[in-house]
Every structure is written in C-alpha cells, then in structure tokens.
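Enquirer: Handing you a structure now.
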Amino acid sequence: MGHRLFASTAAALTALVMLCAQTPASGQTAPAATKAVKTTVSTNKAWTPPRMPDGHPDLQGFWTNSTETPLERPKELGAQDFYTDAELADLMKKDQDRLALNKEEGRPTEPGTNPDVHYDYTQYGLDRAQAKLSWNRRTSMIVGKQGTLPPMLPEARKRNADVAAKNRGHDLDGPENLSLSSRCIVVAQESVPFLSGGYNNNLQIVQGAGVVAIMHEMNHSARVIPIDGRPHLPADISQFKGDSIGHWEGNTLVVDSTNFTARNPFHGSGDELHVVERFTRVDADTILYRFTVDDPETWGQPWTAETAWSKVDGPIFEYACHEANYSLRNSLLGARVAEKEAAEKKAGK
C-alpha cells in the first residue's frame, strides 16, 4: 500500500516536501550494535545543541525509539525507579545471550537449506536486540514510584468492554470491523504518543519555517506539526492521531495534541485524550522524549512517561503494509467461504 502523507495545510506540505528533497538518498547501513547508556535519562545542561537558522535547537536526523524499557514497571520491582549499574549490565548480557541463541537456532541445518524465515527474526534484522537500543537505568517508562498506569475508571472499562462485545463474532463481517492496524490506516507505533514496537522503530525529523515534521518508519506516515502559533482545530473535528500544535520552551520542543477520537484508543483512552510531548536533544546522539497523558474519561489522574531516542544512520525506506491490500481481501474472502461451508453443512448438503 502506498504511503500516505497528511498535512495540516498546503504550506506545511510544501515545506515538508522541500525538506525531504534535501535528504541524501545514500544506502542504509547495517543495524548498529546494541549501545548502552548507563546513566539515567536526563538533560545534560553542559551540552549545547546545534541550532537551526531560526535559532532553535536542531532536532533533525534519523532516530530510533527502540528500547527494552517497558511502559509499566514489572510488579516484582515494586517502587524501584532505577536499576543499579550491575542490574543493568546483567539485563544487557541476557539480551545479547538471547540474540546469540536466536542466531544459532536460525542457521541452516544443511547446506543449501534455510529455516522458516517468516519466524526467523534475525534474518532481516527484525529482532529488537539487533537494532541500536537506548539502555538506561529506568525500570519503566512511566515515571514515579508507582511506575504503572493509573487504575482505569469504571465507566472507561465499561466503554471499552461494550465496544469489544459489539464486535465480537463480527470481526470479519466487512473491512470496517477490522482494526485500524489491520486496515493499514493507523499502526500502534505511529500513534500519539510514540511508543516503540517489535520492529520498524526508526523516525526522521525535519524542520522548516513554522513547522516540524516527524516521519515514522512504521506505515511510512508523516506527522506535520505547525509551530507558527495557530490554534487547535475546532472541537468538533477529531482525528485518529489527534491535532498537534507545537511551540518552543527554551531548548525543548513542546507539542500539545487534542481532538482525538476513541476509534483509535491509546491504552483504552476516549475522546477527551490530551497528550503533551516534550522533545529535548540532550547530546549529539540522544533526544529525551517525555510525554504526559491526561484523559479524565479514562484515568482519574494524568500520568507521565519518558524514554530516549538514539541517533541512527538513514535513510528510512518505504513501508508497505499490505501490498495491493491482498491480505485484507483474502481475509474477508476466507470468511465468506467459511460462512458458505457452514450454511451448506447446516442444510445437509
């Protein structure tokens, strides 16, 4: 499926196209080895970021948000915010041992034969440990002693349960019943806020006058963020990834996103989702990404998470979700065949 580019205005789209045209189309290098950042993710006040012509920090380049840090803290860690250096080193070693085992098991058993490459994630660099990772001492992305999502409100649990129940047994009635990701409309990693997934965790940032654009490798989608002082869209206009408006606070790009729709929920969120993201380049190879989520219809209190983005070599190649959408067509066709067979069996044919 061809990539889609949604821009807020024609001017913003033009700026994005011109900026992307300036990006070198050199060949992509092999994934970098796992990199350890043994410090907590925090700003480095002694480091001065490079500047754009307008004087604001230069965030441009290719980045990855791939990480082994979970969104929520494992229960066995209790209120432990950070790993010790020794604990972090042990986690890193276990991950490399796991990668080595995957490589060993993925080798051909006989000359001229190959394993099932669909499940051999090392074959095409799909194993997370083959990519460059930002290791840090945080035990969870969610900050604070709790380290987990706040309890979901009863009305939110009912809302989500009702949606699931309505579609149960009707998953393949038609394309509209399938998830947005199955239809290649919005995939989880490209939603707001950005969270890493199993693969395709690279992003490209380009900056221009009055606009910042972030292209995500997953679904090859471009998010265009105006920073020219315009207001949000009218409240009655909602979008799958919300409406994002940015501004600078010192060296930090602050992006305020509203106008979401519950049709693309973030961990069960509703229409009142409000996300504030903060992008701060803390050294030549790292962007601190911190976001706060507030949805009074889903959680009783806002919650905040942070992680690091690491600089990687580009370019990012186009992602094809469904080539010509064969997968979607075949899934629906298979359901119709199954229904016909069930009807014939019931009729005694």
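The values are calculated or read from the model by the stated rules, or taken from the named source; none is laboratory data. Keep in mind it's a predicted model, so treat the numbers as computed, not measured. Every residue, glycine among them, receives a Cβ derived from its backbone with ideal geometry; neighbour counts consider all protein chains shown. In case anyone asks, the SASA skips ligands and DNA or RNA and just uses the protein heavy atoms, side chains included. Shrake-Rupley method; radii C 1.70, N 1.55, O 1.52, S 1.80 Å.
Enquirer: Starting from the residue with the highest accessible area, list 292, 48 in decreasing order, probe 1.4 Å. Walk me through the numbers on the way to the answer.
Expert: Details: 292 50, 48 105 Å².
Most to least solvent-accessible, the answer reads 48, 292.
Enquirer: Would you check the accessible area of residue 267, probe 1.4 Å, heavy atoms only, in square angstrom rounded to 10?
Expert: 90 Å²
Enquirer: How much accessible surface does residue 252 have with a 1.4 Å probe, in Å² rounded to 10?
Expert: 20 Å²
Enquirer: Rank these residues by their accessible area, most exposed first, probe 1.4 Å: 295, 283, 228, 236.
Expert: Largest accessible area first, the residues go 236, 228, 283, 295.
Enquirer: Something else about it: Local charge sum around residue 165 (other residues, Cβ-Cβ under 14 Å, Lys/Arg +1, Asp/Glu -1)? Before the final figure, lay out each step's value.
Expert: Details: positive: 157, 158, 159, 166, 168; negative: 162, 171.
Summing Lys/Arg as +1 and Asp/Glu as -1 gives +3.
Enquirer: Could you tally the net charge around residue 235, taking each other residue with its Cβ under 12 Å from the Cβ of residue 235, Lys/Arg +1 and Asp/Glu -1? Working shown, then result.
Expert: Values: positive: none; negative: 236, 243, 271, 272.
Here the charged neighbours net out to -4.
Enquirer: If you take the beta carbon distance between residue 237 and residue 163 as r and set R0 to 22 Å, what does 1/(1 + (r/R0)^6) give as a FRET efficiency, to the nearest 0.05?
Expert: On the way: r = 22 Å, r/R0 = 0.99.
So, using R0 = 22 Å, E works out to roughly 0.50.
Enquirer: Continuing with the same structure: Not counting ligands, DNA or RNA, and with a 1.4 Å probe, what is residue 178's accessible surface area in Å² rounded to the nearest 10?
Expert: My reading of the accessible area for residue 178 is about 30 Å².
Enquirer: With a 1.4 Å probe and all protein chains kept in place, how do 88, 233 rank by accessible area, largest first? Intermediate results must be reported in sequence, preceding the final value.
Expert: Values: 88 0, 233 65 Å².
Accessible-area ranking of 88, 233, largest first: 233, 88.
Enquirer: How much length is gained if the chain between residue 96 and residue 143 is pulled fully straight, taking 0.36 nm per residue apart and subtracting their Cα-Cα distance, in nm to one decimal?
Expert: Additional length available on full extension: 14.3 nm.
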